[in-house]
Amino acid sequence: MTDLPILSAKFFELEDIRATQGRPWIPLRENRETKIDRSFAGSDDLRHYSGIATLAVEAANRTTVDKFEWGELDVSTHYPSVEKGIYRPIDTHTDWSEDQKVVGTRLVIAQELSGYAREAWHLHYDIVCALKLEQEGDTWFRPEEGWVEVARLKRNEEGKPVCLEMRAEMLSDYLAARGMALFFSAYHERSAYFVGKPDYTWASARREWTADRDKREVYITEAEFPHDPAHSFCGLGALWRTEWFEPQNKSVRVRGDEETDDVSFAVGNEGERKTASECIGAMTYLAFKPTLVPALLHYRGGFMGWYSRDTGGIGTGETGTHFGVNSLGLITIFAKDIAKLESWEQRVWAAHSTAFDGGASEELFDTQMNCKPASTGAPEASIKEVIEELDQSFQSQHGAPLLRDHESIDGILKRAHRFRAVEQEGVLALAKELHRLFAERINLQALREPAGVGAKEKLRELKTLERLIARSVGDTTAKSMMAPLFGISDLRNADAHLGSSFIESGLERAKVQTANTHEVEQGMQLLAGFVDTIREITKAIVANVNKQCP
């Protein structure tokens, strides 16, 4: 057994506490104690406490607030007040002068509730409204930027609020609009119990020192109420720190400042790059890797719809961008459309920009340049329709639904598109979604009797469905008709078992051509085979009923 390490004196000196400037998430308020689950020789019950209070301050009040310490600004709960007949709202912080001058705004309001040590923390309503946030539970989102997480409240195991933090980029935008900076007053403490007095240079005498805006203190004392009677000494380190979070000069979201055009897109076959503003009047097309689609759909509110076999609309807001799929599987759009996107969405598109190869999508070009919309259809647009038609046809003939409902169906439908094929093991993952969408939902009990399956026969869902179809079209035709669904099942099994031999047979049975076809086309073929098969099954079920009618 390895000997346990000795707890270092640096643990108490707190030199590792990072400054807030430069962090991606900025704590607006923190009041948290954490037990450190690590073992050290001769020590026990290690704990860390962090208390952070903040104040948004205008330039005129910076000199006053800059002198504040933990005694003037801490994590006490907040109250409105009336001084000399003047009402002070709960979000305001005053100095200690006779006039009680307002010197800052609390961006988090800590409300004391009835009961022992109960609090509710509220993100300032002005932040919520200015950045157009929507709150869900303990998280605030910004729908206009793909429902990006802007602020979040963290709780401890008892459900008490311990930290409310905000994305630095959003906080900077808000503060810049108001001409403010954010002041921090923080207190950090670490403690531990010891069996014997540790051999630290400051173990026999309290040490205090100041560096820049930090004040530190470390000492060892006899433990009055030790965690364990064997632990006779207590070590403690404390850090008091004040600092400023300085916002950037621009406020694009709140104040509406013009954003720097810092993203560019590949234009032409050689990949020359132009900014979105330079593309406004360009009568040409841009190309993007098909990985763009999963990236956009990853955002909450992301959507994709289809206008024809190879054209559709995609976006993350209320309107989408008209796109087409070219012969190489690339996404192509009219160049000027890129300038219509919000700047954050332009950055997503730019990450997938590529040299223009394979030309524009033929269907997109005919629609936009020749005013001749394609009359074709995308299989993705028909998946839900053909499945519901089959289910309704079966239920009308046999009195029970063929498919069980499930709350995940909408999510599966959203993921059932040809661009899934460009992801790792993409065709297999797409097959798994289609299998979940149909085969796994088949109500075997409702299917067995119409299919003529005996009580002792142990047929699975797809084989039982094949038996039902055979009553209408015969065994040979039924087997051929069901082949794509069995192929999808093979691919689904291959996805679950790496190195499986099911892949080759599955692709063949699912009518997916891998030779000289790109991944996007393979995904489309898989979907088309699925949709056509469901349609044929519906026809067979209806035909079987018609045969039985006199």
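Quick note: the coordinates plus some simple rules give every number you see, no bench work behind them. On a predicted model such as this, the values are computed, not experimentally measured, just so you know. Don't worry about glycine lacking a Cβ; one is built from the backbone with ideal geometry, like all the others, and counts go over all protein chains shown.
Remark: spin-label model distance ILE17-LEU236 equals 1.4 nm, labels positioned 7 Å along the Cα→Cβ axis.
Quick one: 3J(HN,Hα) in Hz for segment 514-523, Karplus 6.51/-1.76/1.60 with θ = phi - 60°, rounded, Gly and Pro as x. So the J values, rounded to whole Hz, are 8, 6, 6, 10, 7, 5, 5, 5, 5, x. Sorting the Cα pairs of segment 32-148 by distance into bins of 10 Å, from 0 upward, gives 10, 30, 30, 20, 8, 1, 0 percent per bin.
Altogether, the Stokes-Einstein calculation at 4 °C and 1.567 mPa s, with the Kirkwood radius of segment 292-395 over Cα pairs as Rh, returns a diffusion coefficient of 86 µm²/s. Considering every alpha-carbon pair of the chain, the percent of pairs per 20 Å bin, from zero through the bin containing the longest distance, is 17, 32, 30, 18, 2, 0. Here r is the Cβ-Cβ distance between ARG47 and GLU407 and R0 is 45 Å; the resulting FRET efficiency, rounded to 0.05, is 0.60.
Taking amide H positions as modeled 1.01 Å from N, with prolines and chain starts lacking one, the residues under 5 Å from THR94 and 5 or more places away or on another chain are VAL103. Once the Cβ-Cβ distance of LYS10 and THR94 is raised to the sixth power relative to R0 = 51 Å, the FRET efficiency obtained is 0.85. Per residue, the average separation of C-alpha pairs within less than 8 Å and at least 6 apart gives the chain a relative contact order of 10 percent. Once the chain from ALA381 to THR284 is taken as fully extended at 0.36 nm per residue, the excess over their C-alpha distance is 32.1 nm. If the viscosity is 1.567 mPa s and the temperature 4 °C, what translational diffusion coefficient in µm²/s does Stokes-Einstein give for segment 133-252 when Rh comes from Kirkwood over Cα pairs? Calculated translational D: 71 µm²/s. According to the Kirkwood relation over distinct C-alpha pairs, the hydrodynamic radius of segment 436-527 is 14.4 Å. When the Cα positions of THR354, THR105, GLY529 are compared along the charge dipole of the chain, GLY529 comes out farthest toward the positive end, with charges on each C-beta of Lys, Arg, Asp and Glu.
Across the cross-link table entries LYS289/LYS340; LYS479/LYS511; LYS132/LYS154; LYS10/LYS67, which are compared at the Cα atoms, the separations over 26 Å belong to LYS10/LYS67. In terms of the mean number of neighbouring beta-carbon atoms within 10 Å, the peptides 104-114, 183-193, 129-139 order highest first as 183-193, 104-114, 129-139. Each part reduced to its alpha carbon centroid, segment 350-412 and segment 75-135 end up 52 Å apart.
In this calculation the C-beta distance from ALA351 to LEU459 is compared with R0 = 51 Å, giving a FRET efficiency of 0.55. Ordering 446-456, 320-330 by mean Cβ neighbour count within 10 Å, with the highest value first, yields 320-330, 446-456.
Cα convex hull, segment 223-378: 242 Å³ per residue, rounded to a whole number. Coupling constants for segment 131-147 follow from the phi torsions by the Karplus curve (6.51 cos²θ - 1.76 cosθ + 1.60, θ = phi - 60°), and in residue order they are 8, 6, 8, 10, 9, 10, x, 9, 10, 10, 10, 10, x, 5, 10, x, 6 Hz; glycine and proline get x. In units of the compact-protein estimate 2.2 N^0.38 Å, segment 106-202 shows a Cα radius of gyration of 1.47.
Extending 7 Å from Cα along the Cβ direction at ILE36 and again at GLU136 yields two label points whose distance is 3.7 nm. Remark: the chain carries a charge dipole of roughly 1500 debye about the Cα centre, counting +1 on each Lys and Arg Cβ and -1 on each Asp and Glu Cβ. In whole percents, the pair-distance distribution calculated for segment 238-293 from its alpha-carbon pairs, binned every 5 Å from zero, is 4, 12, 15, 14, 12, 10, 10, 7, 4, 4, 4, 2, 1.
Multiplying each eigenvalue of the alpha-carbon gyration tensor of segment 363-519 by 5 and taking the square root yields semi-axes of 30, 21, 16 Å, largest first, rounded to whole angstroms. Note on LYS511 and GLU388: the extension gain reaches 42.0 nm, defined as 0.36 nm multiplied by sequence separation minus the Cα-Cα distance.
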